[in-house]
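Accompanying notes for the structure given below.
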Amino acid sequence: MRRLEQIYEGKAKRVYRTDDPQLYVVEYKDDATAFNGLKKGQIADKGIYNNRISSVVFQLLSKHGIKTHFVKQLSDREMLVKSLRIIPLEVVARNIAAGSLAKRVGLEEGTPMSQTVLEFYYKRDDLGDPLVNDYHIRALNLATPQQLEALARMALDTNRTLTDFLRRCGLLLVDFKLEFGLHGDEILLGDEISPDTCRLWDTTTQEKLDKDRFRRDLGGVEQAYQEVWRRVSEAK
């Protein structure tokens, strides 16, 4: 298998074709952005830690029957994945009020939700990835009702599996973002699961160990990513 030309570059990753049309190579970058790209910077070795953490998590989810695009980790910064036609929705699962949810509904950050809340966002950078509901999704033909049901089910299954695993790591899964795509007719979990896409708090101190340290200028960003990797690697 040979890595060929780059076909996509996003805020945190580059994607390359391979000589197998069913497989892509994903390369993780150290670039960091926040607030829809208004804040930019770099986090030393972020790409390495996100690649390692995502590789462990995808393998864990696969063992629990959740289908993902992950094939194998190729190097510190690269993984081999199945090619996907991305469904233009971000699915956010929220277990504890934080970030935009806390602001929108007037809850103090850190308030546990009585049940997991799922939110859907339209993947459009030029629109700021707006929050949408089932009616928007159907009207815009972003996903079929059957696909939307599958996304919700897979997101909740992922949440349960990941919450249990991270609790063993001494981490609270506050909320996290998922992206899905079609490999043929099959829906697979794609993108990454890392401190870039999850809010992770220490279970004892509630110290933030995720990208919020970059967003909010809290310092210790690199150390937070390293700590998450240390805990995940020891628990896997």
TODO: Might you check whether a residue that is at pLDDT 95 or above, surrounded by fewer than 19 Cβ atoms within 10 Å (Cβ to Cβ) and out of contact with any strand residue (DSSP E or B) (no Cβ under 8 Å at 6 or more places or on another chain) occurs anywhere in region 199-206?
DONE: yes
Task: Qualifying position, being of a type outside the set (Phe, Trp, Tyr), modelled with pLDDT of 95 or more, on the phi > 0 side of the Ramachandran plot and not assigned by TED's automatic domain parsing to the domain that holds Glu27, among Gly110, Gly99 - done: Gly110
TODO: Within region 102-118, identify whether any single residue is of a type outside the set (Asp, Glu) and in contact with a Leu (Cβ under 6 Å, 6 or more places away or on another chain), and answer yes or no.
DONE: no
TODO: Give the residue, chosen from Arg104, Arg52, Arg77, Arg85, that is without any contact (Cβ under 8 Å) to a residue 40 or more places away in the chain and at negative phi.
DONE: Arg104
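One line per residue, one yes/no per condition, for (1) surrounded by 14 or more Cβ atoms within 10 Å (Cβ to Cβ); (2) outside the structural domain of Cys198 (by TED's automatic domain parsing); (3) in contact with a helix residue (DSSP H, G or I) (Cβ under 6 Å, 6 or more places away or on another chain); (4) among the β-branched types (Val, Ile, Thr):
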{"residue": "Glu9", "(1), (2), (3), (4)": "no, yes, no, no"}
{"residue": "Lys13", "(1), (2), (3), (4)": "yes, yes, no, no"}
{"residue": "Asp20", "(1), (2), (3), (4)": "no, yes, no, no"}
{"residue": "Leu23", "(1), (2), (3), (4)": "yes, yes, no, no"}
{"residue": "Val26", "(1), (2), (3), (4)": "yes, yes, no, yes"}
{"residue": "Asp31", "(1), (2), (3), (4)": "yes, yes, no, no"}
{"residue": "Leu38", "(1), (2), (3), (4)": "no, yes, no, no"}
TODO: Considering (1) at pLDDT below 95; (2) hydroxyl-bearing (Ser, Thr, Tyr); (3) more than 16 Å from the chain's Cα centre (by Cα), say which one Thr33 fails and leave the rest.
DONE: (3)
Open item on the list: Tell me whether region 209-219 contains one or more residues that are part of a strand (DSSP E or B), of a type in the set (A, V, I, L, M) and either touching an Asp or Glu at 6+ places or on another chain (Cβ under 8 Å) or at pLDDT 95 or above (or both).
Closed with: no
Open item on the list: Just to verify a result, which residue in region 214-228, among those that are without any contact (Cβ under 8 Å) to a residue 24 or more places away in the chain and of a type outside the set (A, V, I, L, M), is surrounded by the fewest Cβ atoms within 10 Å (Cβ to Cβ)?
Closed with: Asp217
TODO: Collect the residues in region 40-59 that are surrounded by fewer than 21 Cβ atoms within 10 Å (Cβ to Cβ) and in contact with a Lys or Arg (Cβ under 7 Å, 6 or more places away or on another chain), keeping them in residue-number order.
DONE: Ile48, Val56
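Between Glu179, Glu149, which is out of contact with any His (no Cβ under 9 Å at 6 or more places or on another chain), touching a residue at least 60 places away in the same chain (Cβ under 8 Å) and acidic (Asp, Glu)?
Just one listed residue meets the conditions, Glu179.
The values are calculated or read from the model by the stated rules, or taken from the named source; none is laboratory data. Since we're looking at a predicted model, the values are computed, not measured. For neighbour counting, all protein chains shown are included, and Cβ atoms are generated from backbone atoms with ideal geometry for every residue, glycine included.
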